[in-house]
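The values are calculated or read from the model by the stated rules, or taken from the named source; none is laboratory data. Everything numeric in this text was worked out from a predicted model, so none of it was measured. Ideal geometry is used to build each Cβ from the backbone, glycine not excepted, and the neighbour counts take in all protein chains shown.
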Amino acid sequence: MRKFELIAPCHFGLEAVLKKEIIDLGYDVLQVEDGRITFFGDEEAVSRANVFLRSAERILIKVGSFHAETFEELFQGTKGLAWEEYIPRDGKFWVAKAASVKSKLFSPSDIQSIMKKAMVERLKESYHAGWFEENGASFPVRVFLMKDEVTVGLDTTGESLHKRGYRKLTAKAPIAENLAASLIMLTPWRGDRILVDPFCGSGTFPIEAALMAANMAPGMNRSFTAENWPEVVARRNWYDAVDEAGDMVDLDVVTDIQGYDIDDKMVSIARENARLAGVEKLIHFQRRPLSQLSHPKKYGFLITNPPYGERLEEKAALPALYKEIGERFAGLDSWSMYLITAYENAERDIGRKADKNRKIYNGMMKTYFYQYLGPRPPKRQKQED
Ligand SMILES: C[S@@+](CC[C@H](N)C(=O)[O-])C[C@H]1O[C@@H](n2cnc3c(N)ncnc32)[C@H](O)[C@@H]1O
């Protein structure tokens, strides 16, 4: 089987979560950089990584890397890569995305067009052809330049992995599914513990938690670009990965996951999304304002993404809202609270400094993940037979 170096981009600040997921899936991590992890894998790893990883943005096959400070070096470096090992004679290929940091070459459109020309030249020589129809499968290329080091990858995923296929309807400011999953994985919450999202919007946190509780792989109900690359990843790898995922699902698991929102419409959207994800049985959604948040049990988790003032009129309401978050949390016995927000005065208005705090980039927006840690529940006595 062919071996690849695979690159998985993720949210800045959450590399450790993705690294652990890759290791748990059985692969060796080669390098951890800001916003991406490189690991070794074979054809099977390409399909398994796409189907199973909850925190990755996409999976790229690294075609190669080289140093380039001029367009001529970029052209020659690109032409020097073995494109014919991946792209068939009828393949449609283009540089879908170019990103440049601290490098002499920085214009994405120039990088994209020079690289495309270099790929055409390479493939002309390999296939002894004068031109290409490009009417076959798609081979989108992604390139990052970091301090003039060019890393080139073929995108095996297509539509970003955060699109699991269940969120047909969205809220006002939905959190990306892979970001929600990563944040849940940063907490000690496990499927047998209580989880409440009091600002659930379209239901992303409860749904991602339910998927984890039921052991449902996030990518088992969607498709991937590299499914159409049988010469690179043999078809059976995709069937095997989905079969493996199917065997692991346990929808009979007992959960205590709840999502509340003040807005009726949001609650219906969240319910519909949970239904599409196949986990509606595992979540209780309800219209409920924060002011009515309470829970009779101990040791639960609030994991949530409260309003952070996306619109001006909301900004004025934030101090009172966050004060109320603090008061409601204080009324929950032995609970933990985890909240991601871009609101700068969150801790001040909640009235308590977080025990831990982590800076996370949600796209270009700087946010913080505030972590208020409650006590652990006492260990359950082992049942005597
Ligand atoms: C940033 S959005 C949450 C988005 C959600 N994480 C998602 O992925 O769709 C905040 C949500 O809080 C709700 N909300 C605002 N004030 C509230 C309150 N006082 N009580 C409960 N929900 C409230 C809004 O209706 C909105 O859906």
Checklist entry - Can you list the helices (runs of 4 or more DSSP H) found entirely within segment 171-272 that contain at least 2 residues being within 16 Å of the ligand (Cβ to nearest atom)? => result 177-186, 204-213
Checklist entry - What are the pairs, 6+ residues apart or on separate chains, where a residue within segment 311-339 that is in contact (Cβ under 8 Å) with a residue 40 or more places away in the chain and more than 17 Å from Pro289 (Cα to Cα) has its Cβ under 7 Å from a residue that is buried (at least 18 other Cβ atoms within 10 Å of the Cβ) and among the small types (Gly, Ala, Ser)? => result Ser334/Gly374; Trp335/Gly300; Trp335/Gly374; Ser336/Gly374
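Out of all the residues in segment 273-290, is one or more without any contact (Cβ under 8 Å) to a residue 60 or more places away in the chain and part of a loop (DSSP other than H, G, I, E, B)?
Filtering segment 273-290 for residues without any contact (Cβ under 8 Å) to a residue 60 or more places away in the chain gives 275, 280-281, 284, 286-287, 289.
When the remaining residues are screened for being part of a loop (DSSP other than H, G, I, E, B), the result is 289.
Yes, segment 273-290 contains a residue that is without any contact (Cβ under 8 Å) to a residue 60 or more places away in the chain and part of a loop (DSSP other than H, G, I, E, B).
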Checklist entry - Mind checking which residues of segment 340-364 are without any contact (Cβ under 8 Å) to a residue 40 or more places away in the chain and either among the polar types (S, T, N, Q) or within 11 Å of the ligand (Cβ to nearest atom) (or both)? => result Thr341, Ala342, Tyr343, Asn345, Asn357
Checklist outcome for this item: Glu310: passes all of (1) near the ligand (Cβ under 8 Å from one of its atoms); (2) surrounded by 21 or more Cβ atoms within 10 Å (Cβ to Cβ); (3) not aliphatic (A, V, I, L, M) but (2)
Next on the checklist: Conditions first: (1) of a type outside the set (A, V, I, L, M); (2) without any contact (Cβ under 8 Å) to a residue 24 or more places away in the chain; (3) in contact with a strand residue (DSSP E or B) (Cβ under 9 Å, 6 or more places away or on another chain). Phe199 passes all but one, so which condition is the exception?
Outcome noted: (2)
Checklist entry - Which of the following residues is under 30 Å from Pro377 (Cα atoms) and touching a residue at least 60 places away in the same chain (Cβ under 8 Å): Gly165, Gly191? => result Gly191
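Listed residues Ile340, Ile360; which is part of a strand (DSSP E or B), in contact with a helix residue (DSSP H, G or I) (Cβ under 8 Å, 6 or more places away or on another chain) and at pLDDT below 95? Lay out the reasoning, then the answer.
Numbers: Ile340 fails: at pLDDT below 95.
From the options Ile340, Ile360, the qualifying one is Ile360.
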